[in-house]
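Okay, so here's the structure we're looking at.
The values are calculated or read from the model by the stated rules, or taken from the named source; none is laboratory data. No experiment lies behind these values; they were computed from the predicted model shown. Using ideal geometry, Cβ is built from the backbone for each residue, glycine included, and neighbour counts are taken over all protein chains shown. Note: areas computed on protein heavy atoms with side chains; ligands, DNA, RNA excluded. Shrake-Rupley method; radii C 1.70, N 1.55, O 1.52, S 1.80 Å.
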Amino acid sequence: MLNKIDIIIYLSAFFLFSLFISIGFYSYPQEDALILYRYVNNLASTGQISFNLGGVPSEGATDFFWLIILTFFALFRIDPYFSTIIISTICFYVITKIFQKEIASSTNLVILLLFVLLLLNMGQITGSSLYGFSTLVFCTLGLLVYKFAYNGRFILWSIFSVIFCLFRPEAVIFFLPSIYISLRKAFENSNLKLFFVALFFIISCGIFYLIWRYLYFETLLPLPLIVKQHGGELSINRYLSTISQFLSTLTIALILPILIYLFLQRKDFFNLKNLKFISLILITFSSLIYLLSLSSGYQSQNIFFRYFAPLYFIVFLFSMYSMSRISINKYLFSFLILILAIGSLDNSNMMNRLAGIEDRKISNPTTNIFREFSTKSFANHPLVAVANTLKAKHQNLTIMVTEAGVIPYATNFFTYDAVGLNTKEFAFKPVKCSDVRELKPDFIEIDVGPINQFFDFSAIENNEDLPNCGSFEKELLYADNLIVQSEKLIEIQDYNHYLKRELSHQNSSTHIAAQNILFCMKDDKNYEKVFINKRSDQ
């Protein structure tokens, strides 16, 4: 017989599943998710991890174990996005059930409803999953690692730790505190031998994987991690700026119950013998290290601020744990619910807005998903239209792109990734004119958004002589100095071109690839036509 709690959990999971299915009908997974799905299809078809069928092995998708899981289902002809739907829905259920049974340890319906509603509207976690990313699965694996560590289940802890760390590289940062927790539990349960066996298993699997991946891919790191270092900067200003991105209205609202709980429990909580206190310190330290790793790189394709998903999940769980412990004061509890509801509805980058770091409101609640049921959906994006047109008119082309998601996935053409996320050569050095002449792509796509210091896309939008959607002679583009400042274009030779700190972000491969191709195309007689759609700057 189902009780009210079970009904709420099942209904919330069903609602998420329905939303997934609806988006699958009306829209498209986002760029980086489609990159992974292309790897999934290629691995299922050939048994080789490569961006191109028959191409060299490459690791442009950093979710290694997610790739393996989706490929397993693809072997049975199950579409990667549908696999994402099923697994993410199950993970949502698991997260909610673990919270209800082991974190909140409560049958309070108000607490459970609050937890479900906040999680459903958390764009960083649930929203990005709806667009095809693995954030819900990643957070679930991390939660299971800590669940088994706290319960002293060392065999399960070791298995899920390996899966978690192989899932995404940053998982290692968040896994480390669980070692201390497991060690403490081993001392309490007089089970040190099993703990060290489990730890040895984890370390052995990690070493084996690193050796294997270096022999297979011939790189120490996945290509996206290499590429994101270009244009990065290790500085206090960049670190504080990254923290400010994380300190959204929702983050501040979630932190408030934690602070109140810590104040109320200060006599018992702040004790070195208290495992929860030590865990909080270690996990906070890991989170700060992760923020440092984000700040030192160049962030792109950060859909719904998905790079911050594990941080939001950690704060969210601590906050909901705190709410379950202070609910005895109904007035304080009601006030905090109001604050959390407002934070969830806004869920925007408040600190950036107050400090004037951004000149526009950045919001990322899951309610933004509902734009997908309008003409603003990603299914109506010009990149999707271009991909479908190319697929309909051509059976086999060689293309070069800076947006390696939609067009390569939909067409399955042999593709060179000029940004380097999937083409190893361009991860270490920029694409240059000699590369274009040697590779001879039939079609080149560039995103001119990053190079606004040379290219003013608004001038294209305002130029009535250029089509709203169509092709025109290349000379018209370069002849208009309002659009392209040709005299400033040069061929950049490496990713350390801009030495001044304030210009360091322009060393990113997205900047340099677009600029170099724009420079090369000016005098290349093999490319005489330009296609534009004024709805997008690709």
Cα extents of region 498-538 along the three principal axes, largest first, in whole Å?
-> 37, 27, 11
Phi to ³J(HN,Hα) by Karplus 6.51 cos²θ - 1.76 cosθ + 1.60 over region 335-344, Hz, x for Gly, Pro | 4, 5, 4, 4, 4, 5, 5, 5, x, 5
Result for the chain, cysteines with no Cys Cβ partner under 4.7 Å, is Cys91, Cys139, Cys165, Cys205, Cys469
On full extension of the chain, what length is gained from Leu176 through Ser204, given 0.36 nm per residue of separation minus the C-alpha to C-alpha distance?
-> 8.5 nm
Cα gyration tensor shape of region 250-344, rounded if a/c is under 1.5, else prolate or oblate by comparing a/b with b/c = oblate
Give the dimensionless ratio obtained when the Cα radius of gyration of region 371-478 is divided by 2.2 N^0.38 Å.
-> 1.17
On Cα atoms only, tilt of 382-393 relative to the major axis of the chain in degrees = 60 degrees
Under the rule rounded for a/c under 1.5, else prolate if a/b exceeds b/c, else oblate, using alpha carbon gyration tensor axes a ≥ b ≥ c, region 197-247 is classed as oblate
Provide the per-residue ³J(HN,Hα) series for region 529-538, in order, calculated from phi with Karplus coefficients 6.51, -1.76, 1.60 and θ = phi - 60°, each as a whole number of Hz, with x at glycine and proline positions.
-> 10, 10, 10, 9, 9, 5, 7, 8, 9, 8
By the gyration tensor of its Cα atoms, with a ≥ b ≥ c the square roots of the eigenvalues, what is the shape of region 184-275: rounded for a/c under 1.5, prolate for a/b over b/c, or oblate?
-> oblate
Over all Cα pairs of the chain, how is the pair count split among 10 Å bins, expressed in % and running from 0 up to the last occupied bin?
-> 3, 16, 27, 26, 16, 8, 3, 0
Structure-based [θ]222 nm, the chain - -39500 (n - 2.57) summed over DSSP H runs of at least 4, per residue, nearest 500 = -18000 deg cm²/dmol
Suppose R0 equals 51 Å; then what is the FRET efficiency for Asn412 and Phe277 from their Cβ-Cβ distance, rounded to the nearest 0.05?
-> 0.45
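Loop only by DSSP, 13 or fewer other Cβ within 10 Å of the Cβ. Give me the trypsin sites (Lys or Arg not before Pro) in region 70-170 that pass, ordered by residue number. Intermediate results must be reported in sequence, preceding the final value.
Working: sites: Arg77, Lys97, Lys101, Lys147, Arg153; in loops: Arg77, Arg153.
Those satisfying the criteria are Arg77.
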Looking at the chain, which longest stretch skips every one of the chymotrypsin sites (Phe, Trp or Tyr not before Pro) that is in a DSSP loop with at most 11 other Cβ atoms within 10 Å, leaving the sites themselves out?
-> 271-538
Lys185: which lysines have alpha carbons under 16 Å from its alpha carbon, excluding same-chain residues fewer than 8 sequence positions away?
-> Lys147, Lys193, Lys273, Lys276
The chain accessible area per residue, 1.4 Å probe, protein heavy atoms, integer Å², reads 46 Å²
What do you get for Rg/Rh of region 74-182 when both radii come from the Cα atoms and Rh is the Kirkwood radius?
-> 0.99
Region 440-536: Cα Rg divided by the 2.2 N^0.38 Å rule of thumb = 1.09
Which cross-chain or sequence-distant (5 or more) residues have an amide H under 5 Å from the amide H of Tyr416, H modelled 1.01 Å from N in plane?
-> Ile399, Met400, Val401
Using +1 on the beta carbon of Lys and Arg, -1 on that of Asp and Glu, and nothing else charged, what's the dipole of the chain about the Cα centre, debye to 20?
-> 2420 debye
Listed here are the pairs Lys228/Lys376; Lys393/Lys474; Lys97/Lys228; Lys101/Lys228; which of them are more than 31 Å apart at the Cα?
-> Lys97/Lys228; Lys101/Lys228
Accessible surface of region 169-254, 1.4 Å probe, proportion on carbon and sulfur as whole % | 75 percent
Counting residues in region 41-126 as N, plug N into 2.2 N^0.38 Å and put the Cα Rg over that result.
-> 1.49
Using the alpha-carbon atoms, what tilt in degrees (0 to 90, nearest 10) does helix 31-46 show relative to the longest principal axis of the chain?
-> 90 degrees
